[in-house]
Amino acid sequence: MDAGARERLVQRLREVVGPRYAFDDPYEMRLYQYDASPETALPDVVVLPGNADEVARVLKICSDEGVPIVARAAASSLAGGTVPVHGGVVVTFPRMDRILEIDPDNLRAVLEPGVVNLSLSQALRPGGYYYVPDPSSQGACTIGGNVATNAGGPHTLLYGVTVNHVTGLEVALASGELVRVGGAKAAESTGYDLTGLVVGSEGTMGIVTKIWVKLTPIPPLQKTLLAIYPDIESASNGVSAIIRSGILPAAMEMLDKISIQAIEAASHAGYPLDAGAVLLLEVDGIEPVVEDLAERMGSICRDHGATEVRVARTEAERQALWKGRKGAFSAMGRLSPDFYVMDGVVPRTKLPETLKKIDAISERTGYTICNVFHAGDGNLHPLVLFDGFVPGQYEAVLKIGDEILKLCADAGGSVTGEHGIGLEKRENIRYVFSDDDLEVMDRVRRVFDPRGLMNPGKIFPGHGLKPSTPRYPPGYPRQPAANGGGDDLWV
Amino acid sequence: MGVKARAQPLPGHQISIEQQHGMSVDGLLPTKSMHPSDAEDAARELRLCELARASVVVWGGGTQMQLGSEPRGYDVAFSTERMTRLLEYEPADLTCRVEAGMRVADLQATLEANGQRLPLDPPHPDHATVGGMVAANTNGLNRARHGTVRDWVIGMAVAYPSGKVARAGGKVVKNVAGYDLMKLHTGALGTLGVIVEVNFKVQTRPEADVTLLGHFEDPSAALKAGIDLAHHYLAPAAMILVDRATLWKCGLTADWRWTLAMKLEGYAREIQPTQEAAASIVRGAGGRIEGQALPATFWDNARDWSSSTEDTDVVFSGMSSLTGLQTLLPLAAAAGPLMVQPGAGIFHVRVAPDAAAPALDRLRRAAGDDGQVVVTRAPVSLKKSLDVWGPTPPGFPLMRSLKEALDPHATLNPGRFVGGL
């Protein structure tokens, strides 16, 4: 975009949002060039609308000018979903973070997109309710971003992901229209399920300005178990055995040896350092059931190779175990300057063989790959450790990621379970969808956004993408790590 | 859109007059039929229909053919009856992939042999097909606890009039790759494409279940008990509030005017405490719990009640917020025999044909913007005068554009869906 056009655009946007809330100073905009993925690109303008009407008017202006629009909330996307690869206007939501209504009678809350996931559950707690999907970044990530990616989290195994908890949306379209879809306070409306379609569309259909979510009663009791295994294979067998038994826990997470060591160094969660793998299991419900299930799962684990099963005796112990798991990615900073996290899914029965194959890739390439993942639903998060300052490592790691995703797809799985396709996997999507499949999706996209202005360059392969810049371009000065790792970098 | 100019001869098989009448929809008769053998075959046949500018009505088990407005045209009856195979089922993964023409009961029997189930219970499972259940979004009574079709479909293959088969989703329980087109086709009544294969996640059968009956004189007290239960951590899997006439159709009689029937299920140790919690809520709302022998077919009768085929009545199905349901209850109760699903914000009422129009008008006005009332069954003579779907929903212009994008010549079920789509 040339300087004159940019200046005109900023002026028009300022007329909508006020002078403070639209800017194009390259220094100020540096914050908006990246998310939690390795790639970066600078926007042309950043705008912070204060309400739904302003979002719609911003979109209308961008549409008039033919400028790309990228929605960005907390930018914890691990797939480059918010990186403005084609430049344009980044729309961000710190001013739209209000819980508009909590309606316990109808089991609903109405939210603006910038509401932080965890703060919603905190606001609901006094009434005895919570919002189920709990991505590990829930302390930072927003419900708007969760809607865009159809986010999951450890506790979605039993209760479902974002789309299962959203009943209505207000969406600003590229045309500048504001459209309400879905049932909102009712479960459904007549006509096509546009709510279900828009959830997970990664900002390519419109920008969500209002969200109706379901409230869920807090379970009376939660019990967390830690099953300790000599190796990851026996832990995987433990997972299969629990599923076979007919028990579906609220959460079933696995961490391998390297992850355990990183987590213990960072947060002293209470994971044993000599374990080959641990399974973090949680059951919830009324007391007699929880006690019974915890006992049954404990003995299943012991029968299938667990050397020890520990039960969190206090809420503090339980929180420590979860803090370790949810802080797993940030703890990797203890081990390596950089890591690359994948988000493959395989059918549960393919877990052991897939993990073996990932191990073989690690052996062959010499890169350490550790695994922290949602074992209960087969959602793997292999983390490839590397150093971005060593020439060639970043490129090598991308290749490893690609190989892992191919492996998951070939096992009958998917290339993304909860992070989204974003920028990162727009070519990998071909591992799971044919040209015909993608052509239908593209037709649907054009209904919402005929000119292709909404988050262009995401989800779909091709589209004449300009190359993005890795986070550390050659010659970027290495910053000394103050505490041995980037604890706060990865949210 | 008017009468389509026929560009090519009508494809498909000739059918007898008897077959024609067996496949009539709202009094319209097809000229030909098609019975594709698999997904690719279905797409090829649809393409022929599109080229001929034919109007196609898609048939599964035929249990929901009364749903929707009168079709604008009907040339070809397009049946999934030959597509009945179980394509994949790995019990340990709790997933399966089936062809759309498989009967729901057949799928459930396969799952049951492995101690599993799909917790969806659409009416008439011996006839209803998997594809029809998804296309019509028919959910039975289990939805309060277990959700609806959209929560259990993890992947789909759809044949389009373009002649292509396209897939969305996949075979794993957690997947965000690409657009979730499963949601788009669920409840679209086959107006955007013909669902040819469906992938489901399934669950282990509950260890135990028990039914509890609470009796009331006052329907609003009964509804309040039901709604309170829906807010409880131990919500019933299925819960219906019925009047005496409806209860009798389910196979029971009662001295009380209203009955709240609750199916409680879960782990073995869950049942007794759940039963106690439910009973205490019922009693707290002024209801009586009576031990009563339940006919084995009680829940099946209840499930099928709102779409039983022998009646010539009109059926309205309403959906609203839970508080809206409290406002609608007296109006619905006055309209005819009633079944309410308090946890889901749903009611079904059977209305006499001559009273249908004013009752519909009253209910729709009371439902306002936060709910809707759909005429799910009515003789065609009445359909011509009643607005079957009600006012077009918010976002309708997008829906119309989606229809034009995926079925540009309105080949599929023309006119049957919301707003004449």
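The values are calculated or read from the model by the stated rules, or taken from the named source; none is laboratory data. What you see is a predicted model, and the numbers here were worked out from it, not measured in a lab. For neighbour counting, all protein chains shown are included, and Cβ atoms are generated from backbone atoms with ideal geometry for every residue, glycine included. Surface accessibility is based on the protein's heavy atoms, side chains included, excluding ligands, DNA and RNA. Shrake-Rupley method; radii C 1.70, N 1.55, O 1.52, S 1.80 Å.
Out of everything in the stretch A:425-435 that is out of contact with any helix residue (DSSP H, G or I) (no Cβ under 8 Å at 6 or more places or on another chain) and either more than 23 Å from residue B:164 (Cβ to Cβ) or without any contact (Cβ under 8 Å) to a residue 12 or more places away in the chain (or both), what residue ends up being surrounded by the fewest Cβ atoms within 10 Å (Cβ to Cβ)? Top of the filtered list is A:435. Here's a check for you: in the stretch A:390-438, which residue that is at the interface with another protein chain (Cβ under 7 Å from one of its Cβ atoms) and acidic (Asp, Glu) is farthest from the chain's Cα centre (by Cα)? Taking the candidates together, the pick is A:436. Spot the failing condition for residue B:164; the list is (1) more than 13 Å from every other protein chain (Cβ to nearest Cβ); (2) of a type outside the set (Val, Ile, Thr); (3) open to solvent by 30 Å² or more (accessible area, probe 1.4 Å), and only one is missed. It is condition (1) that residue B:164 fails. For the stretch B:179-190, the criterion of being open to solvent by less than 20 Å² (accessible area, probe 1.4 Å), without any contact (Cβ under 8 Å) to a residue 24 or more places away in the chain and more than 12 Å from the chain's Cα centre (by Cα) is satisfied by at least one residue.
From the list A:213, A:171, A:181, the one residue that fits, being of a type in the set (Val, Ile, Thr) and in contact (Cβ under 8 Å) with a residue 60 or more places away in the chain, is A:213. Residue-level analysis places residue A:364 outside the set of residues that are in contact (Cβ under 8 Å) with a residue 60 or more places away in the chain and on the phi < 0 side of the Ramachandran plot. Filter the stretch B:262-279 down to the residues that are in contact (Cβ under 8 Å) with a residue 12 or more places away in the chain and surrounded by fewer than 24 Cβ atoms within 10 Å (Cβ to Cβ) and list them by number. Of everything in the stretch B:262-279, those that are in contact (Cβ under 8 Å) with a residue 12 or more places away in the chain and surrounded by fewer than 24 Cβ atoms within 10 Å (Cβ to Cβ) turn out to be B:263, B:265, B:266, B:267, B:268, B:270, B:271, B:273, B:275, B:277, B:279.
Among the residues of the stretch B:393-410, those identified as more than 7 Å from every other protein chain (Cβ to nearest Cβ) and either β-branched (Val, Ile, Thr) or in a loop (DSSP other than H, G, I, E, B) (or both) are B:407, B:408, B:409, B:410.
Contact map, the stretch B:36-53: residues that are farther than 13 Å from residue B:158 by Cα paired with residues that are at pLDDT below 95, Cβ distance under 6 Å, separation 6+ or inter-chain. Pairs shown: B:48/B:11; B:51/B:8; B:52/B:8; B:52/B:10; B:52/B:11; B:53/B:4; B:53/B:6; B:53/B:7.
The residues on offer are A:176, A:168, and the sole one that is among the small types (Gly, Ala, Ser) and either out of contact with any Ser or Thr (no Cβ under 8 Å at 6 or more places or on another chain) or outside any strand (DSSP E or B) (or both) is A:176. Specify the residue that is nearest to the other protein chains (Cβ to nearest Cβ); the eligible residues are those in the stretch A:140-162 that are among the aliphatic types (A, V, I, L, M) and crowded, with 23+ Cβ neighbours inside 10 Å. Top of the filtered list is A:161.
Pairs are defined by a Cβ separation below 6 Å, a sequence spacing of at least 6 or placement on different chains, a first member in the stretch A:402-418 that is over 14 Å from residue B:176 (Cβ atoms), and a second member that is charged (D, E, K, R); the pairs so defined are A:407/A:357; A:411/A:350; A:412/B:171. Is it the case that residue A:203 is part of a loop (DSSP other than H, G, I, E, B), of a type outside the set (Val, Ile, Thr), within 14 Å of chain B (Cβ to nearest Cβ) and surrounded by fewer than 19 Cβ atoms within 10 Å (Cβ to Cβ)? Taking the combined requirement at face value, the residue does not satisfy it. When we screen A:32, A:21 for residues that are crowded, with 16+ Cβ neighbours inside 10 Å and closer than 30 Å to residue A:153 by Cβ, the only hit is A:32.
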